[in-house]
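The structure under discussion appears below in the form of structure tokens.
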Amino acid sequence: MIRSGALAAAVVICGLLAGAVSSAAAAADETAPAPASVAAVSIAVAPFERRAAPDIVLPDVDQLLADRIGTRGVRKIVGPAELSVDADAEPTAEIVQAWSKQADVGALVVGRITRIGVPISVEVRLRSGSTGDVIGTYVAEILTPGQLESAVDDLARQVLDEAGGASPGSAPAVSAAPSEGSDGSFGIAFDSDRPISIRADQLESIRSSGARTLLFTQNVVVVQDDVTIKSNRLEAFYPPDSSQPERMVATGRVRMTNSKNKARCDRATYERSKEMLVCRGNAELREGDDCVVGEWIEFDLESETVKVGGGAKVVIGADAASPDGACR
């Protein structure tokens with residue numbers, strides 16, 4: 001059991017995994033934080049109207065859009081299942097204001113999905129939460145299932161391009177300065193309200209019995225302030241009607257770094273209810289020239305302890321690293 005500067009690293013890493021999907025951003029490059037304008041946005045996506053023959057199954061574009069917006073650094077995102085209102089593509093200004101107040105957001109997205117023949121047409125409107133006015137209207141045509149992801153991604157970009165400068169009622173961007181009282185041993189003090197970005201080549205949303213799983217694959221990069229987590233795959237598991245993931249799992253060459261510290265393992269699992277992060281498989285935690293290594297490293301936020309198991313050892317000094325940066 002360890003109580004040291006390694007704990008500060010654990011706190012940052014655990015908190016970062018806990019909030020990653022609920023307030024993430026697609027960065028211009030893999031280490032850029034979300035723009036302040038986007039980080040200030042609070043937005044809800046209402047259920048979309050559906051128009052198609054009874055035997056036609058339409059994709060859940062409304063939930064997919066909420067998921068994608070939620071990975072672009074907004075302060076708050078409320079999806080259609082959480083909002084729990086009737087599907088209405090053109091609600092009155094008074095209804096928009098009421099829904100926005102209910103969700104405690106500054107802007108609302110409404111829309112309609114239509115399929116006549118082969119193409120699926122999606123019409124989306126961004127409405128002001130304070131006035132109910134239409135801020136912008138966006139349309140996408142989806143000809144094949146393979147175009148769905150890129151179409152939703154483009155809609156999310158358009159919505160946030162406008163919402164970033166026109167979302168009344170949004171809270172100001174959260175400061176990135178360390179909080180008072182931080183020992184600074186990991187370079188920053190974690191604040192779960194700070195904007196977080198997730199970038200990946202692919203994002204898939206899977207729904208089952210009301211629960212959802214967001215699956216990020218290929219070149220996954222999570223960024224908050226100067227903390228970066230890279231992995232081949234990231235899964236976030238949401239209970240029914242929840243905007244916060246209960247469990248997150250990063251797998252495949254997991255690398256967690258900031259300006260002063262590094263951690264690596266094959267698989268990192270965060271359990272929100274237990275406030276626990278467990279790194280398994282060739283686990284390492286490095287602070288400067290010192291290393292803690294083992295088959296697994298367990299970070300417990302509640303008890304503020306770090307446990308190492310499976311051939312655990314501590315390597316101290318400048319000779320601790322091999323040429324590839326791994327602990328010896």
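Listing Val249, Val118 from fewest to most neighbouring C-beta atoms within 10 Å gives Val118, Val249. With a cut-off of 13 Å between beta carbons, the residues surrounding Tyr238 carry a summed charge of -1, where Lys and Arg count +1 and Asp and Glu -1.
In terms of surrounding Cβ atoms within a 10 Å radius of their Cβ, Val57, Val45 rank from fewest to most as Val57, Val45. Each other residue within a Cβ distance under 15 Å of Pro91 adds +1 if Lys or Arg and -1 if Asp or Glu, for a net charge of -4. Straightening the chain between Glu304 and Arg157 buys 49.0 nm, computed as 0.36 nm per residue apart minus the Cα-Cα spacing.
Across the stretch 285-298, coupling constants 3J(HN,Hα) worked out from phi with the 6.51/-1.76/1.60 Karplus curve, θ = phi - 60°, read 9, 10, 10, x, 8, 9, 10, 10, 10, x, 5, 8, 10, 10 Hz, and Gly and Pro carry x. As a proxy for reagent exposure, ranking Ser231, Ser128 by other Cβ atoms within 10 Å from fewest up yields Ser128, Ser231. A cut-off under 10 angstrom between Cβ atoms defines the neighbours of Gly136, and their net charge, with Lys, Arg +1 and Asp, Glu -1, is 0.
Any read-out appearing in this document is the output of simple, stated calculations on the displayed coordinates, not a laboratory observation. Just so it is clear, the model here is predicted, and its values are computed rather than measured. Positions of Cβ are generated from backbone atoms using ideal geometry, with glycine treated the same way; all protein chains shown enter the neighbour counts.
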